[in-house]
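Okay, structure first, notes after.
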């Protein structure tokens with residue numbers, strides 16, 4: 001008599017191993033929550049989102065950032081019109097509003113996981129592995145603990161991909177446009193779809209951006225919006241930030257010079273000429289390389305539908321947006337859960353070989369580390385860590401980008417079916 005497969009797995013200890021892995025992942029999640037920055041839970045929510053919403057709730061449309069440089073509040077750094085999303089939380093009071101926001105974030109992550117399973121349709125084993133990656137993710141814990149919005153962006157990016165796959169391109173563009181207004185580096189998706197000629201997606205994104213700008217102008221006026229740009233956007237476009245939780249090319253390069261001295265400084269610094277040159281060359285190399293790969297792939301891409309190469313290119317654009325923007329906070333790297341989910345589901349056009357696996361999992365180990373403040377003592381160790389380990393999430397992003405770019409290059413280098421027959 002033949003044994004049932006499920007019983008065989010149980011007999012082999014498979015269920016017990018998965019239970020142990022899940023318990024370890026839950027333990028890591030709890031540990032990450034205990035040790036992760038910020039030291040005070042919901043710091044971003046209190047200093048930025050709730051503070052600005054409370055001011056607007058009490059005084060109407062007024063500037064949503066601190067006018068006084070000595071203010072302990074950070075203020076609302078997104079375009080002023082988006083503060084209306086947080087105003088309904090004000091009547092709950094500060095603590096209850098923060099816990100409500102955390103509950104919404106946890107629900108968003110549960111939805112992101114469920115929709116990522118729907119998007120990729122992974123095997124049960126891959127679905128279990130993806131759940132472990134969600135639980136043991138330092139940037140995700142950091143975003144939840146700070147009361148930030150990056151985890152909501154993950155959900156919206158997955159929704160955008162699902163809408164694109166189902167042929168609802170305008171709706172996909174609307175979702176991407178909303179993401180870009182909250183996290184400006186994601187405007188790079190607009191450039192990508194513009195170059196691909198996906199006009200419906202571009203139109204949807206442009207419509208969402210125009211609607212948010214119009215709402216902000218209509219409710220806050222031109223003067224406050226211009227003031228917001230000059231106070232919250234323009235300064236950070238001119239100089240790099242050396243703080244330990246800035247995981248971008250700019251952040252890494254400036255830390256090579258400043259070492260541990262500026263790890264707790266969140267104000268822009270004046271870069272050297274060498275810094276500017278290296279940054280321009282690095283970012284230009286990423287953009288030119290991606291353009292060349294995408295242009296070559298366009299010759300073999302099907303005219304309709306969403307293929308594995310589309311998922312691959314979408315993930316590459318996401319990685320380039322993260323590493324190349326002047327300010328990429330550590331919690332932005334929770335967005336790597338999207339390409340990880342696609343990879344585990346076999347939806348990315350990547351070679352199934354040891355090099356891909358090593359690159360991918362090494363990148364994951366680095367980019368999922370808990371977000372903690374680097375030690376200041378002993379000095380010799382702080383000097384080394386500030387120039388190396390502090391940029392671990394950026395290095396992880398580059399390793400994942402290397403895995404994705406290698407797959408894209410292999411796809412365009414392979415001969416087409418017609419050429420192979422000839």
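The values are calculated or read from the model by the stated rules, or taken from the named source; none is laboratory data. From a predicted model like this one, the values you see are computed outputs, not experimental measurements. Ideal geometry is used to build each Cβ from the backbone, glycine not excepted, and the neighbour counts take in all protein chains shown.
Applying the criterion of at least 3 residues that are farther than 30 Å from residue 255 by Cα, in contact (Cβ under 8 Å) with a residue 60 or more places away in the chain and touching a helix residue (DSSP H, G or I) at 6+ places or on another chain (Cβ under 9 Å) to the helices (runs of 4 or more DSSP H) found wholly in segment 161-244 leaves 188-196, 199-232. Given the structure, is residue 302 surrounded by 13 or more Cβ atoms within 10 Å (Cβ to Cβ), closer than 30 Å to residue 167 by Cα and modelled with pLDDT under 90? So residue 302 fails the test. Being under 18 Å from residue 196 (Cβ atoms), within 18 Å of the chain's Cα centre (by Cα), at pLDDT 95 or above and buried (at least 24 other Cβ atoms within 10 Å of the Cβ) is a description that applies to residue 315.
The selection criterion, being over 18 Å from residue 148 (Cβ atoms), buried (at least 20 other Cβ atoms within 10 Å of the Cβ), touching a helix residue (DSSP H, G or I) at 6+ places or on another chain (Cβ under 8 Å) and touching a residue at least 12 places away in the same chain (Cβ under 8 Å), does not hold for residue 89. For segment 86-97, does any single residue satisfy the condition of being modelled with pLDDT under 90 and either in a loop (DSSP other than H, G, I, E, B) or more than 22 Å from the chain's Cα centre (by Cα) (or both)? No, there is no match, as no residue in segment 86-97 is modelled with pLDDT under 90 and either in a loop (DSSP other than H, G, I, E, B) or more than 22 Å from the chain's Cα centre (by Cα) (or both).
Can you find, within segment 257-277, the residue that is surrounded by the fewest Cβ atoms within 10 Å (Cβ to Cβ) among those that are part of a helix (DSSP H, G or I) and out of contact with any helix residue (DSSP H, G or I) (no Cβ under 6 Å at 6 or more places or on another chain)? Filtering first and then ranking leaves 273. Taking the listed residues 254, 320, the one that is in a helix (DSSP H, G or I) and touching a strand residue (DSSP E or B) at 6+ places or on another chain (Cβ under 9 Å) is 254, with no other qualifying.
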